[in-house]
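Every number here is computed from the coordinates shown, using simple stated rules; none is lab data. Owing to the predicted nature of the structure, the values given are computational and were not obtained by experimental measurement. Note: ideal-geometry Cβ built from the backbone for every residue, glycine included; neighbour counts use all protein chains shown.
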Amino acid sequence: MNSNKIFPIKPATIISHLLFWAAYLGFIVFIFSGRFPLEWALQRALLLGVIQAPLVYLNMGVYVPYFLEKKKYLIYILLCLLSIVAVYYLYEYFTQPDFERASRASRGGRPPQSSPNAPFLRFDRPSIRGLINIFMSSSLLLFSSIIKMAQLAAVKEKEAALLRGENLNSELKFLKAQINPHFLFNTLNNIYSLSMIKSDKAPDMIMKLSDMLRYILYECSDKDKVPVAKEVAYIHNYIDLQLLKDSGIKNVHFDENIRDNVSIAPMLLIPFIENGFKHSRIEDTENGWIHIKLETSRTKIDFHMENSLPQLEYSKDKTGGIGIENARRRLELLYPGNYKLEIEKKETVFVVSLHINL
């Protein structure tokens, strides 16, 4: 275990510890000074603090992290009891003669006399003095245990948060890496098809692909969020690229209502659109179609998409494959508790509705 976690040495920590011990010793002096001279009370309080302080820091440095936190309760209790007994006998060894002298001095050298008005807590009585010693030591142990357990819990939570952040970043990078090759593979297939028939549309497709790759490489590679307007431009390029395959395709509609240029996770919507183009068979201008709608405001993003499904493909997976599962996982990582994704696959229609609270 890191010693810095056991014994924090930050200036603020040192000051707080000094203030605690000053308050504690002041309390002991106040109790003793009601029965004994102030100078004597101050000396005895300092002696008690010197004996009890190692108990506190031994508890915080060893007992709690190595036994209590690891649920070795029996060993922890035994160690605490032994320590309390040791503190008791050490204090008694050094102070019992002084208590007797101070008690006689406070009575003017007279032997003790019983009185109905005599205080119940007489520190010159070994039994009462011992009980108070044990009570104070036990209280210090309890208080220091609570503080140390809270410190260890805070350290664990901080380490867990850092680990979650590292895992999140690693997983997001992996998920992005899944998206980009998948899209590039599909697009290069389209370019290859056009080049084979020596289509004049090939240069336009290459230019759009270049813009899209620039967006992926320079806008999305190291950012968790991008302006939604850039994502919309990417979607338009993607749709235009798909429509270049056949000039007769008129059954794809993308309606956008961008009221506020909010930010969105890059490449988040593309898997749904890719899935629509993959399965809708838009080349069949009578039966194939895609309708996409995107609305944004300062507080939300609403995406809705419907596309046709040929009946022959109804036996395929219900969620559209790895692309949509990828998008679902990214939503869970980036917008936990702040999104609602509904996917419904009917006999001839595939519907995606996504709502994100910003």
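Evaluated over the Cα positions of the range 250-306, the convex hull gives a direction-averaged projected area, one quarter of its surface, of 4.0 nm². Applying a threshold of 23 Å to the alpha-carbon distances of K10/K71; K225/K278; K156/K225; K225/K300; K198/K293; K278/K300 flags K10/K71; K225/K278; K156/K225; K198/K293; K278/K300 as lying beyond it. Distant-in-sequence amide contacts of S263, defined by a placed amide H-H separation under 5 Å and a gap of 5 or more residues or a different chain, comprise V228. Counting beta carbons within 10 Å around each of V226, V56 and listing the fewest first gives the order V226, V56.
In what order do Y218, Y63 fall by count of nearby beta-carbon atoms within 10 Å, going from fewest to most? If you can, show how the numbers build up before the last one.
Numbers: Y218 10, Y63 23.
In order of increasing Cβ crowding within 10 Å: Y218, Y63.
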